Amino acid sequence: MLLYILKRVVSAISVVVVTLVASFALFFLAPTDPAGTICGTRCNADRLAEIRSSLGLDEPPIEQIGGYMKGILVGRDYTTSGVVQHCDAPCLGYSYTLGQPVTKLLAQALPVTVSIVLGGAVVYLFFGVLFGTLSAQRRGGTLDRALIGSSIVINSIPYFVVAVLVALYVTVLPHSEYHPLLSNPLLWASGLVAAWLTLGLTNAAAYTRYSRASMIESLGQDFVRTARSKGISERRVVYRHGLRAALTPVVTIFGIDLAGQLTGAIFTEQIFGLPGIGVLTLRAFNQYDLPVLMGCVLLGSVVLVVMNLVVDIVYTVLDPRVRLG
Amino acid sequence: MACPTEVIHRVERLSTRGKSPTAIAFARLRTDRVAVICGSIFLFFVLIAIFAPLLAKLEGQSPTAYHQELVDDYGFPTIGPTSGHWFGVEPRLGRDLFARWVYGSRPSLIVATSVTVITSLLGVVVGLVAGFAGGWTDRILSWVIDFVLSLPYLLFAIAVPAVLLSIFVGPADGASVDQVSRVRFISLILVLSLFGWAGLARLIRGEVLSLREREFIAAARVLGVPTSKVLFKELLPNLVAPIVVSTSMALPSYIVVEAGLTYLGVGLTEPTPSWGVTISAAQSFYRADPLYLWLPVLGITVLVVALSLLGDSVRDAFDPRTRR
């Protein structure tokens with residue numbers, strides 16, 4: 001068991017390190033000229049050389065990536081026109097266009113993305129499990145057919161199209177904007193409600209199908225028959241006994257989904273104008289802001305890898321059969 | 001849901017003659033009403049894409065010609081759908097909406113089809129090799145598969161074109177619009193292919209691991225059949241079902257990804273007529289010119305829903321256990 005976890009942790013770290021080196025090579029060592037982009041149109045050779053050296057672009061590639069890694073682990077110093085600026089660990093450099101540390105930009109954007117994704121998750125888990133259970137109870141009936149039929153169609157409509165239409169036409173929902181949770185919880189919730197409902201209700205379609213399948217299986221088990229034969233009310237059989245067993249596979253899918261959504265909330269963020277990681281990546285793309293782009297990609301990889309690791313380990317603890325594999 | 005006796009009769013009818021599993025699956029697919037309707041819708045869009053120039057000529061318009069005379073001083077079109085412009089014209093530039101719509105179906109289908117073909121080929125080859133070779137080859141390839149699957153691919157899909165663009169066309173401001181749109185087209189296909197093959201490779205590897213222990217493979221090896229022939233003549237025919245199923249599921253998802261990235265401004269760019277570009281431009285005119293927004297929205301929604309339902313039917317046809 002311990003060996004299994006250790007093996008998974010080592011492989012997770014190797015993935016993150018390779019991502020770091022590969023994306024560094026891609027972004028910083030490709031024949032691009034960020035210094036020229038920053039320098040702009042009124043540029044002369046002296047100014048260009050100064051920008052190059054302040055960005056460390058005049059050093060050999062190995063030293064550049066060494067410096068970047070050192071920055072992440074212990075922090076590093078930047079010298080701009082004789083002024084030394086210290087960047088604390090984990091240091092991912094400075095944004096070319098905003099002049100702020102990348103870590104600070106990421107720290108501002110992350111809560112927005114997490115708020116959207118977690119709020120949406122509450123909505124789709126609630127409705128998905130509810131509809132799935134109702135559907136499984138009335139298997140083959142009108143309600144079941146209606147729920148499953150509409151969930152199949154909703155699931156195949158492109159998500160960004162739904163989000164665009166909701167943002168344009170559903171005007172009853174409060175205006176979308178981000179307020180930090182701690183400063184005003186009410187404003188925080190009302191600014192995010194449109195995004196939560198859109199993300200939640202479209203994803204609920206998929207979760208309705210997962211929970212229905214899982215519920216049908218668990219209602220066919222012996223312990224449910226035993227519970228029924230003891231004369232426990234049908235509602236209690238379904239919601240206490242059946243649902244509890246049916247939830248494990250749903251929670252596993254949820255764990256894997258959550259990681260994907262944290263790095264894929266970009267459409268929700270962009271369409272509802274919420275300044276999360278996705279919007280930060282897009283802005284960095286449009287302004288050719290390599291350190292920010294690199295920071296977003298790295299953060300995304302770490303989130304994905306860590307989430308997958310957690311799901312795997314939790315699953316091994318919950319289900320002893322997996323351990324053999 | 002079909003009634004049980006009907007299913008049994010159908011299965012009996014199908015299994016009396018010696019048919020290959022693929023032939024049986026296609027026979028099942030032909031009797032599936034949803035599959036036939038969705039397949040026809042898909043075919044309809046393919047025909048539109050192929051005959052886009054002809055359709056535009058029939059209307060007498062081109063997707064790139066400006067009609068400033070049909071747009072008022074505020075950029076709003078002065079005409080609705082007419083005999084000259086079947087769906088009216090675009091706000092601001094006054095380009096013909098029908099011509100742009102029929103041409104707009106092309107990039108979606110071209111990008112999605114090429115990516116599906118490339119990822120399927122790559123996934124099958126890597127999966128076959130990893131599963132069949134075993135040992136260190138398998139260990140390395142499996143690590144690469146896991147690695148690719150654990151990358152945040154949307155973020156990469158945004159970041160990589162930025163780098164490719166600067167490699168192929170140099171500084172951003174020096175490139176012509178046509179050059180940029182061509183590089184964007186190729187880099188979109190490249191990036192999606194780079195991240196798309198791993199899922200299928202993992203699936204195929206698993207199948208091969210169990211198939212290679214079967215008698216017919218052992219027999220072929222004892223007879224001295226060369227490895228490449230064992231791979232492609234013995235193993236591959238047994239992998240048709242997972243390959244066809246995953247391909248039919250992949251196609252609609254790549255159409256969505258193409259349109260989505262294009263909508264975000266990181267996929268295809270003007271002047272390529274594309275539904276994603278149009279949706280993003282039409283958002284600000286949704287009240288004044290609803291047709292401008294709804295044409296591409298309906299186009300992409302109908303195409304993707306039809307393809308997804310077709311994909312579900314294909315899966316059911318190849319694997320009756322998943323029948324709803």
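Within the stretch A:185-205, is even one residue surrounded by 21 or more Cβ atoms within 10 Å (Cβ to Cβ), in a loop (DSSP other than H, G, I, E, B) and either under 19 Å from the mean Cα position of the chain (by Cα) or in the same structural domain as A:Phe126 (by TED's automatic domain parsing) (or both)? Among the residues of the stretch A:185-205, not one is surrounded by 21 or more Cβ atoms within 10 Å (Cβ to Cβ), in a loop (DSSP other than H, G, I, E, B) and either under 19 Å from the mean Cα position of the chain (by Cα) or in the same structural domain as A:Phe126 (by TED's automatic domain parsing) (or both), which makes the answer no.
Report, by residue number, each residue of the stretch B:266-295 that is hydrophobic (A, V, I, L, M, F, W, C), touching a helix residue (DSSP H, G or I) at 6+ places or on another chain (Cβ under 8 Å) and at the interface with another protein chain (Cβ under 10 Å from one of its Cβ atoms). Answer for the stretch B:266-295, where residues must be hydrophobic (A, V, I, L, M, F, W, C), touching a helix residue (DSSP H, G or I) at 6+ places or on another chain (Cβ under 8 Å) and at the interface with another protein chain (Cβ under 10 Å from one of its Cβ atoms): B:Val266, B:Trp275, B:Ile279, B:Ala282, B:Leu293. Of all residues in the stretch B:203-261, those satisfying the criterion of being part of a helix (DSSP H, G or I), of a type in the set (Asp, Glu) and either farther than 30 Å from B:Val297 by Cα or without any contact (Cβ under 8 Å) to a residue 12 or more places away in the chain (or both) are B:Glu207, B:Glu215, B:Glu234.
The sole residue among A:Asp257, A:Asp289, A:Asp222 that is closer than 25 Å to A:Pro180 by Cβ, of a type in the set (Asp, Glu) and not assigned by TED's automatic domain parsing to the domain that holds A:Ile72 is A:Asp289. Answer with yes or no whether A:Val162 is surrounded by fewer than 16 Cβ atoms within 10 Å (Cβ to Cβ) and within 14 Å of chain B (Cβ to nearest Cβ). So A:Val162 does not fit the description; no.
Do we find a residue being among the charged types (D, E, K, R) and under 30 Å from A:Thr97 (Cβ atoms) anywhere in the stretch A:214-236? Checking the stretch A:214-236: not a single residue is among the charged types (D, E, K, R) and under 30 Å from A:Thr97 (Cβ atoms). B:Leu298 - would you say it is within 20 Å of B:Leu97 (Cα to Cα), within 11 Å of chain A (Cβ to nearest Cβ) and part of a helix (DSSP H, G or I)? Yes. Within the stretch A:65-75, the presence of at least one residue that is aromatic (Phe, Trp, Tyr) and modelled with pLDDT of 75 or more is confirmed.
Looking at B:Thr269, B:Thr262, just one residue is of a type in the set (Ser, Thr, Tyr), crowded, with 20+ Cβ neighbours inside 10 Å and farther than 18 Å from B:Val89 by Cβ, and that residue is B:Thr262. Against the test of being hydrophobic (A, V, I, L, M, F, W, C), over 14 Å from A:Gly200 (Cβ atoms) and out of contact with any Cys (no Cβ under 9 Å at 6 or more places or on another chain), the options A:Ile116, A:Ile152 yield a single qualifying residue, A:Ile152. Would you be able to say whether some residue in the stretch B:127-135 is farther than 30 Å from A:Val306 by Cα and within 14 Å of another protein chain (Cβ to nearest Cβ)? No; the residues of the stretch B:127-135 include none that is farther than 30 Å from A:Val306 by Cα and within 14 Å of another protein chain (Cβ to nearest Cβ). Checking the stated criteria, B:Ser150 turns out to be crowded, with 17+ Cβ neighbours inside 10 Å, within 12 Å of chain A (Cβ to nearest Cβ) and polar (S, T, N, Q).
All of A:Arg244, A:Arg321, A:Arg283 fail the test of being surrounded by fewer than 16 Cβ atoms within 10 Å (Cβ to Cβ) and either at pLDDT 85 or above or in contact with a Ser or Thr (Cβ under 9 Å, 6 or more places away or on another chain) (or both), apart from A:Arg244. Somewhere in the stretch B:194-211, is a residue away from every other protein chain (no Cβ under 14 Å), touching a Phe, Trp or Tyr at 6+ places or on another chain (Cβ under 6 Å) and either within 19 Å of B:Thr262 (Cβ to Cβ) or surrounded by 15 or more Cβ atoms within 10 Å (Cβ to Cβ) (or both)? The answer is yes, given that some residue of the stretch B:194-211 is away from every other protein chain (no Cβ under 14 Å), touching a Phe, Trp or Tyr at 6+ places or on another chain (Cβ under 6 Å) and either within 19 Å of B:Thr262 (Cβ to Cβ) or surrounded by 15 or more Cβ atoms within 10 Å (Cβ to Cβ) (or both). If I filter the stretch A:128-151 for residues that are assigned by TED's automatic domain parsing to the domain that holds A:Thr252, in a helix (DSSP H, G or I), within 23 Å of the chain's Cα centre (by Cα) and under 24 Å from B:Pro252 (Cβ atoms), do I get at least one hit? Yes, the stretch A:128-151 has at least one match.
Report whether or not A:Ala121 is assigned to a helix (DSSP H, G or I), modelled with pLDDT of 90 or more and within 14 Å of chain B (Cβ to nearest Cβ). Answer is no for this residue. The residues of the stretch B:276-299 that are aliphatic (A, V, I, L, M) and either more than 25 Å from B:Ile79 (Cα to Cα) or in contact with an Asp or Glu (Cβ under 9 Å, 6 or more places away or on another chain) (or both), listed by number, are B:Val277, B:Ala281, B:Ala282. Restricted to the stretch B:128-153, and to residues there that are out of contact with any Phe, Trp or Tyr (no Cβ under 9 Å at 6 or more places or on another chain) and in a loop (DSSP other than H, G, I, E, B), the residue that is nearest to B:Val230 (Cα to Cα) is B:Gly134.
The residue that is modelled with the lowest pLDDT, among those in the stretch B:157-176 that are at the interface with chain A (Cβ under 7 Å from one of its Cβ atoms) and more than 28 Å from the chain's Cα centre (by Cα), is B:Ala172. Exactly one residue out of A:Leu106, A:Leu98 is part of a loop (DSSP other than H, G, I, E, B) and either of a type in the set (Lys, Arg) or closer than 21 Å to A:Gly276 by Cβ (or both): that is A:Leu98.
The values are calculated or read from the model by the stated rules, or taken from the named source; none is laboratory data. Quick caveat, the model's predicted, so the values are computed rather than measured. Neighbour counts run over all protein chains shown; Cβ positions are idealised from the backbone, glycine included.
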